1. Within 13 Å, Cβ to Cβ, of residue 111, how many net charges do the neighbouring residues add up to if Lys/Arg are +1 and Asp/Glu are -1?
2. So what J values fall out for the range 14-20 if you push phi through Karplus, 6.51 cos²θ - 1.76 cosθ + 1.60 with θ = phi - 60°, rounded to Hz, Gly and Pro as x?
3. Listed highest first by mean packing, meaning other Cβ atoms within 10 Å per residue, what order do 123-134, 58-69 come in?
4. Convex hull over the alpha-carbon atoms of the chain: what's its volume per residue in Å³?
5. Scan around residue 117 for amide H atoms under 5 Å from its own, H built in the peptide plane at 1.01 Å from N, and keep only partners 5 or more places away or cross-chain.
6. Quick one: net charge around residue 62, please, counting Lys, Arg +1 and Asp, Glu -1 for every other residue with C-beta under 14 Å from its C-beta.
7. Helix-derived [θ] at 222 nm for the chain: sum -39500 (n - 2.57) over DSSP H runs of at least 4, divide by residue count, nearest 500?
8. In the chain, carbon and sulfur make up what percent of the accessible area (probe 1.4 Å)?
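The values are calculated or read from the model by the stated rules, or taken from the named source; none is laboratory data. Because the structure is a prediction, the values reported are computed rather than measured. Every residue, glycine among them, receives a Cβ derived from its backbone with ideal geometry; neighbour counts consider all protein chains shown. Heavy atoms of the whole protein, side chains included, go into the accessibility calculation; ligands, DNA and RNA do not. Shrake-Rupley method; radii C 1.70, N 1.55, O 1.52, S 1.80 Å.
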Amino acid sequence: ISAWVDPTVATATPKFVIDIGGTGAHALNLQVASNNCAVSVPQFQFGNGVGSIAICANTALSINAWSMLTATWTPSGTAMYINASLVASSSIATGIGPNVLAYIGSNGGVQRYMQGYIDDLRVYNRTLSAAEIMALYAAEK
């Protein structure tokens, strides 16, 4: 998952960029802010088949500024990048379940709306390498 985001409010309240399948054991979501992290620190939350796990970035997003937020996952782990720099990772594997709905800019289409702007949202059917993320960032910035 990759998207350019421009949050307009500093908050610790969850604000979703994309929600794929909710917040359960077989779901993925990418947030610009979360109650699991510090104010305006992005979170990648994912199911591990049993429950839900969250990783927080090691830095906050700038308010009223565009940043490229990217999350990747493989059977061997997950990672999150801001502007093509690795900011969080986990060795916990993840995947999404079948027949799940995706919501852009909210949690389930009814709450936790993104306050700001989302552009060039991409959902890939494979894991991007760090080099591909860097190339994508360089081409779009």
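1. Values: positive: 15, 112; negative: 19.
Local net charge: +1.
2. My calculation for the range 14-20 gives x, 9, 8, 7, 8, 10, 10 Hz in order.
3. Per-residue mean Cβ counts within 10 Å order the peptides as 58-69, 123-134.
4. 93
5. The answer is 6, 8.
6. 0
7. After summing the helix terms and dividing by residue count, I get -2500 deg cm²/dmol.
8. Heavy-atom surface of the chain belonging to carbon and sulfur, 1.4 Å probe: 52 percent.
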